[in-house]
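In what follows, a single structure is set out as structure tokens and then discussed.
The values are calculated or read from the model by the stated rules, or taken from the named source; none is laboratory data. Everything numeric here is computed off the predicted structure, so don't read it as measured data. Virtual Cβ from ideal backbone geometry, glycine too; neighbours counted across all protein chains shown.
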Amino acid sequence: MRDDIRAVLRGQRIETPSWAYGNSGTRFKVFAQQGVPRDPYEKLADAAQVHAFTGVAPAVALHIPWDRVDDYAGLARYAAGLGVEIGAINSNVFQDDDYRLGSVTNPDPAVRRKALGHLLECVDIMDATGSATLKLWFSDGTNYPGQDDIRARQDRLAEALAAVYARLGDGQRLLLEYKLFEPAFYLTDVPDWGTAYAHCLKLGDKARVVVDTGHHAPGTNIEFIVAFLLREGRLGGFDFNSRFYADDDLMVGAADPFQLFRIMYEVVRGGGLGPHVAFMLDQCHNIEPKIAGQIRSVMNVQEATAKALLVDVGALAAAQAAGDVLGANAVLMDAYDTDVRPLLAEVRAEMGLDPDPMAAYARSGYFEKIRADRVGGTQAGWGA
Ligand code: AOS
Ligand code: ZN
Ligand code: ZN
């Protein structure tokens, strides 16, 4: 197997979310699991296990206020001591009663000021933790036609984004996430990549679009969006997860590994495998064990990446140029149909890791230890 492919796989970087380690559920039920973290420090400790067994998950996304602490610089030092670092700072302007009619697009200027204040606080936390990325997702929208003025809400959104953008320091950037619907059911203020892209273009080069794979209408060609944004230099990252129906937040690669491969092929094709694109997981493990679920998810991304790297680009270009429809498709499918698990096992061995992260984690006794040590673990704050 080519050395360059192995090197890329060794250098891959997948960020796990702090909220994946806490209890989560749906609006019907949150099933509490044993041993879940009681505070952000314990979430980092769990994330460090995912990195220890995969070698490619060195960053942990935080969510404010779910991960609120007194000393963020201290939290970052604690992370470093565990061998991980703080990744994207995720803002939360969706959980207060004040946000019933929206946050930065709310018709009430006082609510808008409050929401902006939180977003700016998140940049302070980036300064303290050394995080380079602010991830913005707005639940803002309306439930009924006529409820509010669509254009005015776009104006308010643009105003808030400009204020946040102006606060970013050197080396910091803003990722704007879009979502088709939910919690708003009629209109969402950032419903699609085009809206996010247009706002990012106006803001400047430090603003990029983040693609959450669960945030599209069924049948949407997500790899097209990825190809387009990469071509324009505006793909900031991914929130990876799987969906069967809506924003299911299941393990990435579980519902449609072929789609994940197609996305990763466009990432490779567009030069997106690098630090300028953040490969984040945005998942909730409602019924399956959380740390093992994260390890499995990281491995699923690795497998899709390995297959994407295996595409014979020369043969593909030749078939495409010749108009050989079936030949071109066969080149892509050959890569997808390759069993890359032996290759990844070798890559892990080269990194000094156990070739089978799931089994190694299970053998480690970590879960048994946290189950005994941690009593009264907390809910992630999500999906209740
Ligand atoms: C919400 O649906 C989005 O996917 C968010 O990215 C995310 O789940 C939330 O911001 C958690 O912090
Ligand atoms: Zn997301
Ligand atoms: Zn989501």
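Could you list all residues from the range 14-31 that are in contact with a Gly (Cβ under 9 Å, 6 or more places away or on another chain), assigned to a loop (DSSP other than H, G, I, E, B) and of a type outside the set (Phe, Trp, Tyr)?
GLY22, SER24, THR26, ARG27
Quick one: how many residues across the range 278-331 are within 21 Å of VAL8 (Cα to Cα), in contact (Cβ under 8 Å) with a residue 60 or more places away in the chain and basic (Lys, Arg)?
Of the residues in that region, 1 qualify.
What is the number of the single condition among (1) touching an Asp or Glu at 6+ places or on another chain (Cβ under 9 Å); (2) within 16 Å of ligand 1 (Cβ to nearest atom) that PHE53 does not meet?
(2) is the only condition that PHE53 fails.
Quick check on ARG2: is it over 24 Å from ALA359 (Cα atoms), modelled with pLDDT under 95 and within 16 Å of ligand 3 (Cβ to nearest atom)?
The answer is no for ARG2.
Of the numbered conditions (1) within 16 Å of ligand 1 (Cβ to nearest atom); (2) under 22 Å from the mean Cα position of the chain (by Cα), GLY194 fails exactly one; give the number of that condition.
Of everything listed in (1) within 16 Å of ligand 1 (Cβ to nearest atom); (2) under 22 Å from the mean Cα position of the chain (by Cα), GLY194 misses just condition (1).
Residues in the range 225-271 that are part of a loop (DSSP other than H, G, I, E, B) and buried (at least 21 other Cβ atoms within 10 Å of the Cβ): how many? Explain how you work it out, then say what you get.
Step one: list which residues in the range 225-271 are part of a loop (DSSP other than H, G, I, E, B), which gives 232-234, 241, 243-249, 251-256, 270-271.
Filter once more, keeping what is buried (at least 21 other Cβ atoms within 10 Å of the Cβ): 241, 249, 251-253.
Final tally of qualifying residues: 5.
For the condition at negative phi, at pLDDT 95 or above and within 20 Å of the chain's Cα centre (by Cα), what is the one hit in LEU175, LEU201, LEU187, LEU157?
Criteria check complete, one pass: LEU175.
Applying the selection to the range 201-212, what residues are in contact with a Lys or Arg (Cβ under 7 Å, 6 or more places away or on another chain) and within 15 Å of ligand 3 (Cβ to nearest atom)?
VAL209, VAL210, ASP212 - these are the residues of the range 201-212 that are in contact with a Lys or Arg (Cβ under 7 Å, 6 or more places away or on another chain) and within 15 Å of ligand 3 (Cβ to nearest atom).
Check ALA166, ALA184, ALA198 and return the single one that is within 16 Å of ligand 3 (Cβ to nearest atom) and either part of a helix (DSSP H, G or I) or among the small types (Gly, Ala, Ser) (or both).
Answer to the selection: ALA184.
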